[in-house]
Amino acid sequence: MDTVSLTINGKQIVTEKWKKILWAALDNGIFIPHLCAIEQRPLPFAACRLCFVEIEGRDEPVTSCTEEVSDGMVVYTRTESVLRLVRMGFEMIMSRHPVICKDCPANKNCALQEIAQQMGFKLKPKRLLQILPELPVDDSHPLFTYNPNLCVLCGQCIYVCNEVLKKEVLDFNFRGFMTRVGTFQDRPLADYGCDSCLKCVEVCPVGALSIK
Amino acid sequence: MEKTIRGRLEYLKTEALKDFKDKGSEAYGAIYVGTATCGRSAGSMEVFHAFEEALKNLDIKARTFHVGCHGHCYAEPMAVVSKPGWPPILYGYLTPNRAQSLIKRFFNEEDPALEWALGAMKDNDMIPTVYETPRWAMEQRFLLENCGAIDPENINHYIARGGYGGLAYTLEREASKVIDEIKSSGLRGLGGAGFDTWRKWDICRGNSESPKYVICNADEGDPGAFMDRTILESDPHAVIEGMIIAGVTIGAESGYVYVRKEYPLAVSIMRRAVCQARESGLLGENILGSRINFEIVINQGAGAFVCGEETALIASIEGKRGMPAPRPPYPAKRGLWGRPTLINNVKTLALIPKILIQGAENFASLGTDRCKGTAVFAMAGKIQDAGLVEVPFGTTLRGVIFDLGGGVPPVIKASNIPGEKPITTKKKFKAVQIGGPSGGCLPEAFLDTPICFDTIFDTGAIMGSGGMVILDEDNCAVETARYFLEFTQKESCGKCTFCRIGTKHMLDILTKITKGAGTMDDLDMLQELAETIRQGSLCNLGKTAPNPVMTTLEYFKDEYEAHIVEQRCPSLECKDLIAYYIVPEKCQRACDACVGSCPTEAIYTRRDRLKAIDQEKCVKCTNCMEACPPQYDAVIKVSPLSELPESKADEK
Ligand SMILES: Cc1cc2nc3c(=O)[nH]c(=O)nc-3n(C[C@H](O)[C@H](O)[C@H](O)COP(=O)(O)O)c2cc1C
Ligand code: FES
């Protein structure tokens with residue numbers, strides 16, 4: 001096995017070549033916030049923009065899910081400029097996510113809660129107003145519920161459904177702030193040939209897809 | 001048939017030239033009417049038919065041709081009339097009636113109707129040429145040379161003017177020689193980023209994977225930009241030739257033209273041009289007998305701004321949702337269907353054959369050290385002569401806006417007194433938004449900036465694809481920023497957090513400020529959002545979206561403050577902060593012009609017969625201001641609302 005050695009936050013790490021910084025860090029007990037990354041995915045999706053780190057010699061923070069490790073690389077995960085971006089990115093996500101943990105099916109098993117706790121962030125945004133679209137919940141499927149209001153658009157469910165299992169039930173619909181996950185023409189899930197494999201529910205990092 | 005590549009092309013050229021002579025355009029004259037999309041919307045098809053009808057009725061044998069766009073949109077419909085014994089003359093502002101009588105006067109009475117002429121197109125002793133006017137004198141037509149001069153639907157026009165010579169040049173040489181030539185021309189991509197074209201080509205050529213692809217980016221999503229459309233509609237073979245040269249050079253056998261569905265004329269002209277090139281043996285298998293193959297597919301995009309971004313464009317061709325992917329890998333390494341892909345803008349590709357034919361030095365002699373050749377701008381907004389201009393890099397913004405574009409037009413209001421001249425009010429230049437919606441808004445202080453990718457970037461704007469919107473004193477900086485951000489915000493693909501949610505917050509704050517409800521803390525938040533969105537977004541749509549806000553915050557901060565602190569819109573544009581008011585001293589009792597113009601019956605007649613506006617009913621449509629005769633000029637706008645003089649309701 002080809003290995004490389006790098007330091008993250010001063011800690012010496014030996015890891016496989018071609019690995020992305022994010023996974024090298026997580027393997028070694030260093031937390032980097034992330035919502036959209038899937039290690040097996042050949043091309044990182046890089047949508048949540050929470051996994052920023054600073055690499056010595058680079059002008060600006062980079063996303064650790066897209067950046068490969070290399071020998072002698074020096075990485076920092078909590079510099080001022082990283083925190084500025086991650087704090088703002090997280091606050092943006094939380095500005096369109098109702099903080100209703102007690103009633104949420106993912107309570108205590110939620111990536112957002114984990115990020116807030118690990119990073120010392122508040123769940124409720126302080127600087128941004130909340131803009132909650134109040135979209136209808138899709139309860140049509142007998143086994144699971146899809147609540148688009150809780151969705152963070154990480155794309156994980158779409159990836160497993162389309163790219164891994166080739167079922168192509170889910171995709172992104174609409175544009176801009178109104179973008180959301182849905183079926184073709186936004187029809188109810190029950191009408192859409194979903195065969196209830198529940199893989200999407202399994203990968204959902206928040207409470208958007210949940211077992212009934 | 002000739003055996004060599006050059007010989008085969010020469011044969012095509014001889015045939016092409018014969019096509020004109022046989023049909024008598026030299027002996028009897030010819031009329032070239034600009035019928036690209038812009039001409040058509042000004043009525044050029046009707047003018048074209050009027051010409052044809054007049055020729056038929058008077059039994060004149062001159063030929064008529066559809067040609068592309070001259071770029072002088074302000075003077076559409078336009079036509080060049082070429083009559084034996086006379087220099088070719090360009091006419092503008094034509095109507096079907098004028099076309100009819102022009103034919104009669106010129107062809108039957110030897111009177112060229114010079115009152116409708118813009119000038120002659122060639123030096124002569126009789127008629128001043130168009131090149132004596134500043135617009136034509138300062139322009140340097142390298143890229144747009146053929147636009148308006150040839151029939152885009154007839155390949156012979158292109159070939160007769162030396163077209164496909166660049167392809168023959170390429171087929172006769174090693175690929176590295178072609179790349180060297182492009183390198184010494186200094187050409188940088190005109191899709192916005194200004195990336196060295198030769199470098200991109202060289203990376204693709206060096207990649208040993210196959211197949212490879214060439215993509216022509218004709219998405220042109222910037223609102224107000226239309227140079228790519230003009231080229232596709234006016235000089236399609238230049239784009240096709242550029243793509244074939246690219247394919248031959250990098251070793252690709254297929255190419256895609258990704259063009260937006262909203263350009264139906266461009267699509268149909270390109271389709272026809274592709275067929276004609278194929279029939280002439282210039283495209284398809286065994287090009288000009290070289291045993292080299294190249295095919296072109298026209299792919300229609302659904303008109304999403306983000307699909308102009310190269311990785312989103314590739315996803316869209318693959319049938320996926322147009323969402324950008326992180327780079328690297330760049331398309332040159334891993335593009336369409338995961339293969340090496342060369343993606344260039346329409347203008348970049350159209351320049352390639354011209355550079356190869358006219359020589360790299362020729363091209364490089366134009367422009368500056370870092371930016372060679374010419375830049376093309378689409379000027380719109382508060383500008384006298386809107387349209388396309390092509391100038392060498394290094395020309396100043398002032399030169400483009402004032403010398404070529406004629407500067408900011410005055411507001412002209414017809415007098416209601418018969419026989420009196422209209423009343424003209426001069427307007428002051430305020431700023432230019434350069435680079436489309438993701439560009440920046442630059443005030444007067446930057447007018448002497450020489451145009452180049454790097455100098456423009458340093459100001460906080462971008463070259464983008466060359467959109468230029470000119471603003472005058474009546475345009476509010478905050479509203480301008482809000483307007484452009486609204487566009488990018490809506491066009492965001494929704495993939496990444498900063499662009500999807502961040503720009504929405506910026507938009508909400510800007511909207512709040514234009515309504516007078518902003519706070520000074522909002523300005524800090526705007527700045528913080530702008531900077532983090534610029535750094536944090538996945539693709540350049542998000543990274544550049546804050547530009548209009550950042551530049552206006554920097555150069556027009558006082559206007560933001562006026563909105564926030566005084567609830568005042570200094571340009572009197574933001575509807576929530578202005579009120580219309582009829583100045584009693586100026587109102588001429590007897591005139592009812594304003595009353596009739598009001599859609600909501602907000603204007604009433606006071607007891608003293610002066611007019612006044614019921615602010616409750618007023619919807620601020622500006623009709624009354626426009627209706628009020630200019631010699632009275634009694635309707636004014638006031639801001640803030642507290643400036644509104646007490647209304648005298650008792651006088652109702
Ligand atoms: C949001 C966005 C929209 C874009 N739109 C276009 C476009 O309409 N046409 C274009 O040629 N390039 C566009 N680009 C730039 C392309 O990604 C790419 O850089 C360009 O096609 C490369 O061509 P060039 O090397 O000839 O400049 C856009 C980029 C972004 C981020
Ligand atoms: S984990 Fe890197 S962008 Fe989402």
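The values are calculated or read from the model by the stated rules, or taken from the named source; none is laboratory data. No experiment lies behind these values; they were computed from the predicted model shown. Using ideal geometry, Cβ is built from the backbone for each residue, glycine included, and neighbour counts are taken over all protein chains shown. All accessible areas refer to the heavy atoms of the entire protein, side chains included, with ligands and DNA or RNA removed. Shrake-Rupley method; radii C 1.70, N 1.55, O 1.52, S 1.80 Å.
When the residues of the stretch B:296-321 are filtered to those that are in contact with an Asp or Glu (Cβ under 8 Å, 6 or more places away or on another chain) and within 13 Å of chain A (Cβ to nearest Cβ), the one that is farthest from ligand 2 (Cβ to nearest atom) is B:Gly303. When the stretch B:153-196 is examined, which residues are found to be crowded, with 24+ Cβ neighbours inside 10 Å and of a type in the set (S, T, N, Q)? Across the stretch B:153-196, the qualifying residues are B:Thr170, B:Ser185. Taking the stated definitions as given, is B:Lys637 surrounded by 13 or more Cβ atoms within 10 Å (Cβ to Cβ) and closer than 29 Å to B:Glu559 by Cα? Yes.
Only one of the numbered conditions (1) open to solvent by less than 10 Å² (accessible area, probe 1.4 Å); (2) among the small types (Gly, Ala, Ser); (3) facing chain B (nearest Cβ under 9 Å); (4) away from ligand 1 (no atom under 16 Å from the Cβ) is violated by A:Ser64, and that is (3). For a quick check of your reading of the model, give me the residue pairs whose first member lies in the stretch B:329-348 and is within 14 Å of chain A (Cβ to nearest Cβ) and open to solvent by 40 Å² or more (accessible area, probe 1.4 Å), whose second is within 9 Å of ligand 1 (Cβ to nearest atom) and in a loop (DSSP other than H, G, I, E, B), with beta-carbon atoms closer than 7 Å and at least 6 apart or on different chains. Short answer, once both residue conditions are applied: none.
Matching residues to (1) of a type outside the set (Lys, Arg); (2) closer than 20 Å to B:Ala332 by Cα; (3) in contact (Cβ under 8 Å) with a residue 24 or more places away in the chain; (4) crowded, with 24+ Cβ neighbours inside 10 Å:
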| position | (1), (2), (3), (4) |
| --- | --- |
| B:Thr249 | yes, yes, yes, yes |
| B:Tyr263 | yes, no, yes, no |
| B:Ala266 | yes, no, yes, yes |
| B:Cys275 | yes, no, no, no |
| B:Ser280 | yes, no, yes, no |
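Selection of first residues in the stretch B:172-199 that are more than 18 Å from B:Glu390 (Cα to Cα) and among the β-branched types (Val, Ile, Thr) and of second residues that are away from ligand 1 (no atom under 16 Å from the Cβ) and part of a helix (DSSP H, G or I), restricted to Cβ pairs under 6 Å at least 6 apart or on distinct chains, gives the following pairs, ordered by first then second residue: B:Val178/B:Thr170.
Looking at A:Ala46, A:Ala37, just one residue is in a loop (DSSP other than H, G, I, E, B) and within 16 Å of ligand 1 (Cβ to nearest atom), and that residue is A:Ala46. The single condition among (1) within 27 Å of A:Ser95 (Cα to Cα); (2) open to solvent by 20 Å² or more (accessible area, probe 1.4 Å); (3) more than 14 Å from chain B (Cβ to nearest Cβ) that A:Leu189 does not satisfy is (2). Kindly establish whether A:Val169 is crowded, with 19+ Cβ neighbours inside 10 Å, at pLDDT below 95 and touching a Cys at 6+ places or on another chain (Cβ under 6 Å). Yes. All of (1) touching a helix residue (DSSP H, G or I) at 6+ places or on another chain (Cβ under 9 Å); (2) of a type in the set (S, T, N, Q); (3) closer than 23 Å to B:Ser185 by Cβ hold for B:Ser365 with one exception: (1). Taking the stretch A:12-49 as the range and being of a type in the set (D, E, K, R) and either over 25 Å from A:Ala111 (Cα atoms) or open to solvent by less than 70 Å² (accessible area, probe 1.4 Å) (or both) as the test, the residues that pass are A:Glu16, A:Lys17, A:Lys19, A:Lys20, A:Arg41, A:Arg49.
To keep it simple, each residue is scored yes or no on (1) of a type in the set (Phe, Trp, Tyr); (2) within 12 Å of chain B (Cβ to nearest Cβ).
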{"site": "A:Met119", "(1), (2)": "no, no"}
{"site": "A:Arg127", "(1), (2)": "no, yes"}
{"site": "A:Leu135", "(1), (2)": "no, no"}
{"site": "A:Asp138", "(1), (2)": "no, no"}
{"site": "A:Phe144", "(1), (2)": "yes, no"}
{"site": "A:Pro148", "(1), (2)": "no, no"}
{"site": "A:Gly155", "(1), (2)": "no, yes"}
{"site": "A:Tyr159", "(1), (2)": "yes, no"}
{"site": "A:Glu168", "(1), (2)": "no, yes"}
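The stretch B:419-514 holds strands (runs of 3 or more DSSP E) entirely within its bounds, and those carrying 1 or more residues that are away from chain A (no Cβ under 14 Å) and touching a Leu at 6+ places or on another chain (Cβ under 6 Å) map to B:429-434.
May I ask you to verify whether B:Ile292 is open to solvent by 10 Å² or more (accessible area, probe 1.4 Å) and either within 16 Å of ligand 1 (Cβ to nearest atom) or in a loop (DSSP other than H, G, I, E, B) (or both)? The answer is yes for B:Ile292. The set of residues in the stretch B:154-191 being away from ligand 1 (no atom under 16 Å from the Cβ) and in contact with a strand residue (DSSP E or B) (Cβ under 9 Å, 6 or more places away or on another chain) consists of B:Asn154, B:His157. In the stretch B:476-507, which residues are open to solvent by 20 Å² or more (accessible area, probe 1.4 Å) and farther than 18 Å from B:Ser537 by Cβ? Correct list: B:Glu479, B:Arg482, B:Tyr483.
How many residues are touching a residue at least 40 places away in the same chain (Cβ under 8 Å) and within 14 Å of chain B (Cβ to nearest Cβ) if we restrict to the stretch A:67-95? Walk me through how you get there before you give the answer.
Our first condition is that a residue be touching a residue at least 40 places away in the same chain (Cβ under 8 Å); within the stretch A:67-95, this holds for A:67-78, A:86, A:89-90, A:93.
Add one more test, that the residue is within 14 Å of chain B (Cβ to nearest Cβ), and what stays is A:67-68, A:70, A:86, A:89-90, A:93.
The qualifying residues number 7.
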